[in-house]
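Enquirer: A single structure is presented below for examination.
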Amino acid sequence: MEKVKLLVIGSGPAGYTAAIYASRAGLAPVVYEGPEAGGQLTTTTLVENYPGFENGVDANELMGAMRAQAVRLGADIRRGIITKVDLSKRPFTLWVDNGDIIEAEALIIATGATAKYLGLPSEQKFRGMGVSACATCDGFFYRKKVVAVVGGGDTACAEALYLSGLCKKVYMIVRRDVFRASKASQQQVLERDNIEVLWNCNTREILGDESGVTGVRLYHNKEDREFCIDLDGFFLGIGHHPNSDLFKEWVDIDENGYIITQGATTLTNVEGVFAAGDVQDPRYRQAINAAASGCRAALDAEKFLQDN
């Protein structure tokens, strides 16, 4: 059994930033990258809203640079997935998919969140080529263009409203004849001139070519017919699932599965366990916010280890 001072689970902006700060503090962090090295950000292409890059930066290059910086400063970054944890007492015990067992004096959970997709093959085919789950991240690329948002809840309404300020036309694809969103969100959407709601519609296929998305084929539930509309972009607005299932026996989570942290800190209800990034952020879900919370988690962990 291996004993470590600080273990970080996750390799997105939160995990890598935590590793950078923890390394500089002399905590010798061990990082397990999980199933997707670099995290959810690597599913996009150009990142134009991360400070310091005048012309934007390739998402994989950005995450690769964060990883290399953490390694240079002394972080031990490993491929592998944590499959089981016991947070009932310190040191915490964690099991890795290769059979290793680790005891950690402190733990930072930075496992992120996964966008919910419809499960269509065409959706995966055009992911990053016109299919996006983040209007704030990718909306800029569709200025004065035509896009669609699928979903009928608050997330979809927020995405559509954001995009309506950039795009020529926004379709909302809603599978029922009513919204699930709050009354205020509904009213804003219905009052926006360049948003058109397509009620009682399910997405059958996202259409495109080698250059990316060109349209979508829809099925109208009430009229029992298929039809197509031309598009430049297709946005998912059906929510995210925080990757917190592994920890929910031990740490407090909200009704949507996000880990609850104390005030402005990254402290969870378990002493010595900290949460950073999208796994505890149901609101912003941006790379810069995740990186900032990774910094805070490392500082919180450093203080905890000093005091204990």
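The values are calculated or read from the model by the stated rules, or taken from the named source; none is laboratory data. Nothing here was measured: the structure is a model prediction, and the numbers come from that model. Note that each Cβ is placed from the backbone with ideal geometry, even for glycine, and that neighbours are counted across all protein chains shown.
Enquirer: Considering each of 72, 127, 79, 90 in turn, give the residue that is closer than 30 Å to residue 229 by Cβ and charged (D, E, K, R).
Expert: Checking each option against the conditions leaves just 127.
Enquirer: Moving on. Scan the stretch 165-188 for residues that are in a helix (DSSP H, G or I) and at pLDDT 95 or above and report the count. Don't jump to the end; show me each part of the working.
Expert: Narrowing the stretch 165-188 to residues in a helix (DSSP H, G or I): 183-188.
Going one step further and asking which of them are at pLDDT 95 or above, we end up with none.
Residues flagged as in a helix (DSSP H, G or I) and at pLDDT 95 or above within the stretch 165-188 amount to 0.
Enquirer: Here's another thing I want to ask about it. What is the one condition in (1) of a type outside the set (D, E, K, R); (2) assigned to a helix (DSSP H, G or I); (3) farther than 16 Å from residue 237 by Cα; (4) touching a residue at least 40 places away in the same chain (Cβ under 8 Å) that residue 158 does not satisfy?
Expert: (3)
Enquirer: Only one of 264, 292 is assigned by TED's automatic domain parsing to the domain that holds residue 107, out of contact with any Cys (no Cβ under 8 Å at 6 or more places or on another chain) and closer than 16 Å to residue 15 by Cβ. Can you tell me which?
Expert: 292
Enquirer: Further, regarding this structure: Within the stretch 64-78, track down each residue that is over 16 Å from residue 110 (Cβ atoms) and either over 24 Å from the mean Cα position of the chain (by Cα) or of a type in the set (Lys, Arg) (or both).
Expert: Across the stretch 64-78, the qualifying residues are 72, 73, 74.
So that you can scan it fast, the table gives a plain yes or no per residue for (1) under 18 Å from the mean Cα position of the chain (by Cα); (2) within 29 Å of residue 123 (Cβ to Cβ); (3) among the aliphatic types (A, V, I, L, M):
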| site | (1), (2), (3) |
| --- | --- |
| 240 | yes, yes, no |
| 243 | yes, yes, no |
| 258 | yes, yes, no |
| 267 | no, no, yes |
| 270 | no, no, yes |
| 290 | yes, yes, yes |
| 303 | no, no, no |
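Enquirer: Tally up the residues in the stretch 84-112 that are out of contact with any helix residue (DSSP H, G or I) (no Cβ under 8 Å at 6 or more places or on another chain) and β-branched (Val, Ile, Thr), please.
Expert: Selection size over the stretch 84-112: 4.
Enquirer: Looking only at the stretch 255-299, which residues are of a type outside the set (Val, Ile, Thr), at negative phi, touching a strand residue (DSSP E or B) at 6+ places or on another chain (Cβ under 9 Å) and crowded, with 24+ Cβ neighbours inside 10 Å?
Expert: 274, 275, 276, 278, 280, 287, 293, 294, 297, 298
Enquirer: Can you tell me which residues in the stretch 234-260 are over 11 Å from residue 280 (Cα atoms) and charged (D, E, K, R)?
Expert: 245, 248, 249, 255
Enquirer: Which residue is farthest from residue 295 (Cα to Cα), if the candidates are limited to the stretch 49-78 and must be in a helix (DSSP H, G or I) and without any contact (Cβ under 8 Å) to a residue 12 or more places away in the chain?
Expert: For the stretch 49-78, the residue satisfying everything is 61.
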